[in-house]
Amino acid sequence: DERRMLPFVAHWRLSRLFAGALSETKAPNPDDASLKWKPIQAGVSPEGFVNVSRVTGTRDGLVYLTARVTAQNQGAWVVSLGHDGGARLFVDGQCVIDKPARINPAVPDRSQARVKLARGTHTLGIVLNTDHGKGQGIFLRFIAPRAGQIRARGLRFSV
């Protein structure tokens with residue numbers, strides 16, 4: 001039901017590429033200057049896809065992506081992550097999705113989790129395994145569990 005889906009989060013910050021094991025990563029710290037954050041935006045074809053391979057090429061490693069979401073009211077949501085590389089999604093520092101396997105191509109809504117958001121601003125963090133350029137990017141959006149909740153619980157996104 002498309003009435004329940006919010007647009008894809010379009011504006012992110014992308015970290016430098018770094019080595020490590022996906023399973024050992026923690027939530028990214030948006031204030032950590034050593035990650036050399038730079039802005040990155042979702043494209044229009046396919047709509048909502050954040051293509052990190054434009055920056056990383058075929059290099060192997062992990063990258064962080066971070067954005068913020070502001071909930072106008074508290075409520076439950078489904079957070080929906082599309083990815084091709086192995087990925088972990090953190091909401092306010094808590095891992096809510098952990099999918100280590102690469103599955104090409106990236107498709108919207110591949111992995112989902114229910115989250116409760118209090119009124120206010122929340123931090124989204126993603127760790128993506130580039131897998132020598134085969135992990136190219138992500139899609140992320142929120143889905144209201146029931147039609148009609150989007151207007152009542154509205155979300156705004158920022159970096």
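Here residue 38 meets the list (1) closer than 21 Å to residue 99 by Cβ; (2) touching a Lys or Arg at 6+ places or on another chain (Cβ under 8 Å) almost entirely, failing just condition (1). Per the listing 58, 66, the residue uniquely among the β-branched types (Val, Ile, Thr), buried (at least 19 other Cβ atoms within 10 Å of the Cβ) and at pLDDT 95 or above is 66. When residue 8 is tested against (1) in a loop (DSSP other than H, G, I, E, B); (2) within 20 Å of residue 156 (Cβ to Cβ); (3) open to solvent by less than 30 Å² (accessible area, probe 1.4 Å), only condition (3) is not met. Look at (1) hydrophobic (A, V, I, L, M, F, W, C); (2) in contact (Cβ under 8 Å) with a residue 12 or more places away in the chain; (3) open to solvent by 30 Å² or more (accessible area, probe 1.4 Å) and you find that residue 115 fails only one, number (3).
Does the stretch 21-31 contain any residue that is part of a helix (DSSP H, G or I) and open to solvent by 30 Å² or more (accessible area, probe 1.4 Å)?
yes
All of (1) open to solvent by 30 Å² or more (accessible area, probe 1.4 Å); (2) polar (S, T, N, Q); (3) closer than 21 Å to residue 145 by Cβ hold for residue 45 with one exception: (3).
The values are calculated or read from the model by the stated rules, or taken from the named source; none is laboratory data. Note that the structure is a prediction, hence the values are computed from the model and not measured. Every residue, glycine among them, receives a Cβ derived from its backbone with ideal geometry; neighbour counts consider all protein chains shown. All accessible areas refer to the heavy atoms of the entire protein, side chains included, with ligands and DNA or RNA removed. Shrake-Rupley method; radii C 1.70, N 1.55, O 1.52, S 1.80 Å.
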